[in-house]
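To start, the structure under review is shown below, and the notes come after it.
The values are calculated or read from the model by the stated rules, or taken from the named source; none is laboratory data. In this text, all values refer to a predicted model and were calculated from it rather than measured experimentally. Cβ coordinates were reconstructed from backbone atoms using ideal geometry, including for glycine residues, and neighbour counts include every protein chain displayed.
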């Protein structure tokens, strides 16, 4: 199981953090442009899911699969959105995204007076703690598949 990358968007859809661990392909656009595409796709997918689902969706998470990877989405109660790309064998990472929010984002961004909401997170401590949580998860592997 492999974690490729993580996007964090604030409640207004602004990319506030991007991290990558096992991403093979070099992107052909800036992180900001890529973030806008990912955010637009997630919002569109969520809208389609809500409209066509035969059940009432109460959970703020979903994932979709391609033939190469799985994109996982989870939205916090405060509206912060997390998108993580993993390999196809990774389990549902909803709990991992929830723990990143509670153990890392809240502790090192929300409670940090130097981090301005809506701006890109440049905290080295945040990046270090996030890396620790990612690497300790069952979905992480240091080798690419």
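One table, with the values for the structure above:
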item: Filtered residues of the stretch 14-31 (kept if assigned to a strand (DSSP E or B) and closer than 17 Å to residue 81 by Cβ); result: 15, 16, 17, 18, 19
item: The stretch 89-127: number of residues that are closer than 22 Å to residue 3 by Cβ and over 16 Å from the mean Cα position of the chain (by Cα); result: 7
item: Checklist (1) more than 15 Å from residue 97 (Cα to Cα); (2) in contact with a strand residue (DSSP E or B) (Cβ under 8 Å, 6 or more places away or on another chain); (3) at pLDDT 90 or above applied to residue 31, failing item; result: (3)
item: Evaluation of residue 48 against (1) free of Cβ contacts under 8 Å to residues at least 40 places away in the same chain; (2) over 13 Å from the mean Cα position of the chain (by Cα); (3) outside any helix (DSSP H, G or I) (one fails), failing number; result: (3)
item: Residue match in the stretch 67-76 (condition: part of a helix (DSSP H, G or I), out of contact with any helix residue (DSSP H, G or I) (no Cβ under 7 Å at 6 or more places or on another chain) and either closer than 26 Å to residue 125 by Cα or at pLDDT below 90 (or both)); result: no
item: Condition check for residue 39: in a strand (DSSP E or B) and either surrounded by fewer than 14 Cβ atoms within 10 Å (Cβ to Cβ) or in contact with a strand residue (DSSP E or B) (Cβ under 9 Å, 6 or more places away or on another chain) (or both); result: no
item: Residues of the stretch 11-36 classified as in contact with a helix residue (DSSP H, G or I) (Cβ under 8 Å, 6 or more places away or on another chain) and exposed (fewer than 10 other Cβ atoms within 10 Å of the Cβ), total; result: 0
item: Pairs where the first residue, in the stretch 90-104, is outside any helix (DSSP H, G or I) and the second is surrounded by fewer than 23 Cβ atoms within 10 Å (Cβ to Cβ), C-beta under 6 Å, 6+ apart; result: 90/1; 90/139; 93/139
